[in-house]
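Take a look at the structure set out below.
The values are calculated or read from the model by the stated rules, or taken from the named source; none is laboratory data. In this text, all values refer to a predicted model and were calculated from it rather than measured experimentally. Reconstructed Cβ throughout: ideal geometry from the backbone, glycine too, with neighbour counts over all protein chains shown.
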Amino acid sequence: MEICRLRFPSDHEQLTTNLPMPHEIALLNNCLIVGALLFGIGMIGFASRRNMIVMFLSIEIMLQGVSLSLVAWSRFHNHFGGQMLVVFIIAVAACEAAVAMAMILALFHQNSTLDIAVWRRLREANVPPLREEPLPEPPADPPWPRLTPAGRRPEISPEETDYRPRV
Amino acid sequence: MDTKTLLILIPALPLAAAVLTAVLGKRVLRAQSHLPVVAAIALSFAASLLLVFQVQERIERQAGQAVPAASVGCEGTLATLWCWADVGTISLGDNPTATSKSLQSPAWGDLRINITLRADPLSAVMLAVVTCISTLVAVYSIGYMRGDPGYWRFFSYIGLFVFSMTMLVAASNFLVLFVFWELVGLCSYLLIGFWFEKPAAAAAGKKAFLVNRIGDFGFMLGVFLIWIVYGTLDFHDTVVDGHTAAMGVLGPSRLAHGPFVGGWPATAICLLLLLGACGKSAQFPLHVWLPDAMEGPTPVSALIHAATMVTAGVYMIARCAPLYAASADAQYVVAAIGGVTALLGAIIAITQTDLKRILAYSTISHLGYMFVALGTCTLVGATAGMFHLMTHAFFKALLFLGAGSVMHAMGGVLDIRRLGGLRHRLPVTHWTFLIGCLAMVGVAPLSGFWSKDAILLAIQQRTASDGASDLFHLLFATSMLGVLLIDFYTFRPFFMTFHGPERIPPEAGDHAHESPGTMTGPLVVLAFGSVVVGGYFEWTHGFSHFLAASPSLAYLSTPTGDAAAAAAEHWSIVAISTVIVVVGIMATAILYLGNRKNVTRLARAMDIFGLYSLSYGKFFIDPIYNALIVRPLLSLARLAAWFDRHVVDGLVDFCGAVPGRLGAVVRPVQNGMVQFYALVMVLGLLVLVVALLM
Amino acid sequence: MFAAHHILILAALLGTLGLWLMLPRGTAPGRNVGIVLETIALGLGASQIPLLGDWPASGMFLILALTAVVAAIAAITCRNPIYCAIWFGQSLLGVAGLFLFIGSQFLAMATIVVYAGAILVTFLFVLMLARPEGQANYDRRSHEAPISALMGIVMVGVLSITMGQALSPAESSPHPITPPTQTTLAAGVLAPQHVARLGGELFGRHLIAVEVAGTLLLAALVGAAVIVGTGNEERNKTD
């Protein structure tokens, strides 16, 4: 198996040549790039968000990226193997989602919070627990206008009834 | 039985008995633990008497034969047990062919130590004295130590001590002598601290051992110097195939032809050996351990600190007499130290109140006399010193055992101010004690008289010969003063304890009766010996002739002088000393038998010049040593302990703390956050990927 | 003047910065700036990918790809978790569109049905069960935002460069990559009876795997019920 070597091209070379890529290879290339992007984005989301469900969401994004790559390779090699794997990925992702949701619910019931930063029992003895000052409340949404309930005559001021012409 | 077998048996029997008692004593023998030891020591005594007769026979045989040209005295019989060390030939550069050794040059590079025992008149006399006193003391201990929980241990130690003392006097090699010198010191420590639960006894044992150690250090340096100067450590010659391969330090060839190295090596050797003797024989300034050693049981004091161990120093100097003959300065130092010690011990003994302490100081004083006699370095002087050693052994042991009997009856009280009028309750003790006192002060015809007079005569004769006669005149005067003091400090406790109104301390309880037969028996035998031994030997001149045949002493010159004038001097000294003795006894009797008010008046009179407090405070030597030596050493020890605890241990603790600190630095990585772990995993993955793909 | 890789490096840097600014960082401002930067970065990156033959194909691909990526970015940077879930749904649509574009229709539909229809709805249920009042602390803060952004972009960059180099014609001379021809594709993956063929492959070659997957689903169901069930029991006991 040959391992591709990365090399940074010098100034008068380009990463991609001027020759146009054949259609199939270009399609493969692009799909793989998108898959890599989705995978990376999913990883960033998993590493930075504190809500357990959003973390899980990011994992699913990663799985999507992988699925896309597999399907692209499947087309390129004219073989159904990649798509088979994606079918199983979908099935396993479903199971995983079910179990993960159950676990998240159980954890939520223990601490009444979806924050993953409270679950730090594996920390060393001299690492202090998380202490955060509370953030200020976000500005409340402006009150939406309310309609009066239907079926009741709106209140009209007496001045309006005085000089309003009868229509 | 031939001499070699006897020589080997004499130390072997007590050793076997000691081991047997040590192994079986606690469980099996218990109250019968004395049986093997007493039997063994008694057999040793019999063997040593036989040995004396055999040596005597040999002397007469050699005197009858034609004496070979180069022979000084009667060469002893040697019994070699085994070769302890044989370090082969070490060639030292300028002496590559070490096989060719001439009799004149030292055989450098060949260290061969054989365990060899010798039987010549000097060692035979010492063996007889040691085993005789040991037998009597062992029999006494049966009664004295009865009921003590360490009964078996006591007899085992006694056996060990007799073994080491007999080996010491029989050894024919400086290194072997030194080994048993140390072993005797060890036995002394064990026996002084026998009741080790008593802190005073344990401290006394330690003090004895440590002060002896100082002396032993000097002894060791002396032995090293002998090796360097003479090239060998044997007393005897190494005989190979009938011809002398190497000269011993005190062997017949060296005694006949020499050379004995003179000048500063000889003085250094003699002074270092003297240091060892001072430690062992409690001479000034290393005498401080002997009074404290009275914490041990009384039989121990009688055996070790009166008759045998403390005489090891005297024996050693007598044995090395040819070495001392080569250095006049060392002789003067020996005599001077002896004189100072004699006077010091006598002055301190006058005012002490503890019976055993008085006897201890009197032992120090008498050992001083022996050293003075040896310091004259004449045949007469050496013989007189050894004779006094023998008689002193008898009467001092008798006095100590009598004190033990008093202590046994009075429940452990020995303060003579609290005792009185015991002659009716303890008759045997009273009469034997009286005989011992008379022997000590030197009343004719008891043994002490003959030996003390021999010493005085030797000093007097030495003043006649050349070389530092002023010193010996001074020593003669101090000896006469010492004679006066002897009767005072001897009869003062006697009168206070046994005469006067009867005073029994409450600790006596129902003990205040005469001691059992096992204790009074040896007292009687020793009393008989004190009376008879001196007179018999001196009358027949047998002792001096016997000793004069031993090689070391025969080397010493006999001063030629006018025989008639010598005889006249002899009788004048006898007369003067007898007068002094009688006057002293009468003065003491007047002071102590009647009203004792005069005593306090005399004491206060003496205290005008501070003499009384100086004497009672033992010349404050112990506090001086404490301040000068003990305190600085303790501070040094404290400093070393601080260093060890803080610097050395601190370093070790620091090394141990390093992993912990490193861990504390790395530990915050484990913060329990899942995402952090995931991030770190990704980081690792990235590094791997980039490394593989680059 | 600017070579292709310069532009890509610039795009990567801008992308990192933009992502960092967009991630929830408490009360710190800059989210809008982050959006702008991210847009610029995506635009720069999109300009460097190879074209797919004719314009409609390239345009379609771009629209679908941008939908998927932009929706995914929005899904991870929203403060409100329900909005995150909905953006995720949007991303799924984009990905499903890409599946369709590639030619695997079954998978496109399966993605929408299973992911958007089942998994996403489960997420929403749990979110509704566990929502605190107002916006929670933990939704408005994130861990280690800069480092994670950087690492994500570095990973994407590494993968892209590898792939780009592997697939460019000049590099692969010892083992030339031969793309499949239309006829082979029409006979294989892109055949008219695509779904039938896929089914035949699934239940023919991977039959045992299908059965195992079914058992796995059953196990997951039972497991989820047990986890939540015992939690319920414990809570009922303590109450």
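Points to keep in mind about this one:
- Residues (in a helix (DSSP H, G or I) and at the interface with chain C (Cβ under 8 Å from one of its Cβ atoms)) located in the stretch A:46-60: A:Ala47, A:Ser48, A:Ile53, A:Val54, A:Phe56, A:Leu57, A:Ser58, A:Glu60
- All positions within the stretch B:137-158 that are part of a helix (DSSP H, G or I) and more than 20 Å from B:Leu15 (Cβ to Cβ): B:Tyr140, B:Ile142, B:Gly143, B:Tyr144
- Qualifying helices (runs of 4 or more DSSP H) (wholly inside the stretch B:602-694; at least 2 residues being exposed (fewer than 13 other Cβ atoms within 10 Å of the Cβ) and within 14 Å of chain A (Cβ to nearest Cβ)): B:649-666, B:674-693
- C:Ile40 touching a helix residue (DSSP H, G or I) at 6+ places or on another chain (Cβ under 7 Å), farther than 23 Å from A:Arg50 by Cβ and either within 13 Å of another protein chain (Cβ to nearest Cβ) or not in a helix (DSSP H, G or I) (or both): no
- Filtered by the rule that a residue be out of contact with any Asp or Glu (no Cβ under 9 Å at 6 or more places or on another chain) and surrounded by fewer than 18 Cβ atoms within 10 Å (Cβ to Cβ), the stretch B:424-442 gives B:Trp431, B:Leu434.
- Scanning the stretch C:47-82 for residues that are assigned to a helix (DSSP H, G or I), surrounded by fewer than 17 Cβ atoms within 10 Å (Cβ to Cβ) and more than 10 Å from chain A (Cβ to nearest Cβ) yields a count of 5.
- Count of residues meeting criterion [surrounded by 15 or more Cβ atoms within 10 Å (Cβ to Cβ), farther than 17 Å from C:Phe106 by Cα and basic (Lys, Arg)] in the stretch C:184-232: 0
- Any hit, the stretch A:131-154, residues being within 14 Å of chain B (Cβ to nearest Cβ), at pLDDT below 90 and either surrounded by 10 or more Cβ atoms within 10 Å (Cβ to Cβ) or not in a helix (DSSP H, G or I) (or both): yes
- Residue ID - surrounded by the most Cβ atoms within 10 Å (Cβ to Cβ), chosen from residues in the stretch A:66-100 that are in contact (Cβ under 8 Å) with a residue 40 or more places away in the chain and under 23 Å from the mean Cα position of the chain (by Cα): A:Val71
- Yes/no for B:Ile90 being at pLDDT 80 or above and at negative phi: no
- Filter result for B:Met407 (surrounded by fewer than 21 Cβ atoms within 10 Å (Cβ to Cβ) and either at positive phi or part of a helix (DSSP H, G or I) (or both)): yes
- Number of residues in the stretch B:191-230 that are in contact (Cβ under 8 Å) with a residue 12 or more places away in the chain and part of a loop (DSSP other than H, G, I, E, B) equals 4.
- Here B:Pro501, B:Pro445 are screened, and the one residue that is more than 30 Å from B:Gly147 (Cα to Cα) and touching a strand residue (DSSP E or B) at 6+ places or on another chain (Cβ under 9 Å) is B:Pro501.
- For the stretch C:88-129, a residue qualifies if it is within 8 Å of chain A (Cβ to nearest Cβ), of a type in the set (Phe, Trp, Tyr) and farther than 30 Å from A:Thr113 by Cα, and the qualifying residues are C:Phe99, C:Phe106.
- Criterion violated by C:Arg25 - all others in (1) more than 21 Å from the chain's Cα centre (by Cα); (2) more than 10 Å from chain A (Cβ to nearest Cβ); (3) of a type in the set (D, E, K, R) satisfied: (2)
A quick yes/no check of all residues on (1) at pLDDT 85 or above; (2) surrounded by fewer than 22 Cβ atoms within 10 Å (Cβ to Cβ); (3) under 30 Å from B:Pro285 (Cα atoms):
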| position | (1), (2), (3) |
| --- | --- |
| B:Ala208 | yes, no, yes |
| B:Ile214 | yes, yes, yes |
| B:His236 | no, no, no |
| B:Asp241 | no, yes, no |
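- Remark: pairs (first residue in the stretch C:146-163, over 17 Å from B:Leu688 (Cβ atoms) and more than 7 Å from chain A (Cβ to nearest Cβ); second residue surrounded by fewer than 18 Cβ atoms within 10 Å (Cβ to Cβ) and at pLDDT 85 or above; Cβ separation under 9 Å; 6+ apart in sequence or on different chains) = C:Ile147/B:Leu683.
Yes/no matrix, rows are residues, columns are (1) facing another protein chain (nearest Cβ under 7 Å); (2) in a helix (DSSP H, G or I); (3) in contact with a helix residue (DSSP H, G or I) (Cβ under 8 Å, 6 or more places away or on another chain); (4) at pLDDT 90 or above:
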site	(1), (2), (3), (4)
A:Ser10	no, no, no, no
A:Met21	yes, no, yes, no
A:Ala36	yes, yes, yes, yes
A:Ile44	yes, yes, yes, yes
A:Met62	no, yes, yes, yes
A:Ser69	no, yes, yes, yes
A:Trp73	no, yes, yes, yes
A:Leu85	no, yes, yes, yes
A:Ala100	no, yes, yes, yes
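- Criterion: in contact (Cβ under 8 Å) with a residue 40 or more places away in the chain, over 23 Å from A:Glu137 (Cα atoms) and of a type in the set (A, V, I, L, M, F, W, C) - qualifying residue of C:Ala41, C:Ala11, C:Ala4, C:Ala57: C:Ala4
- Among residues that are of a type in the set (Val, Ile, Thr), within 15 Å of the chain's Cα centre (by Cα) and on the phi < 0 side of the Ramachandran plot, C:Ile102 is not included.
- One residue alone among C:Gly204, C:Gly223 is more than 7 Å from chain A (Cβ to nearest Cβ) and modelled with pLDDT of 90 or more, and that residue is C:Gly204.
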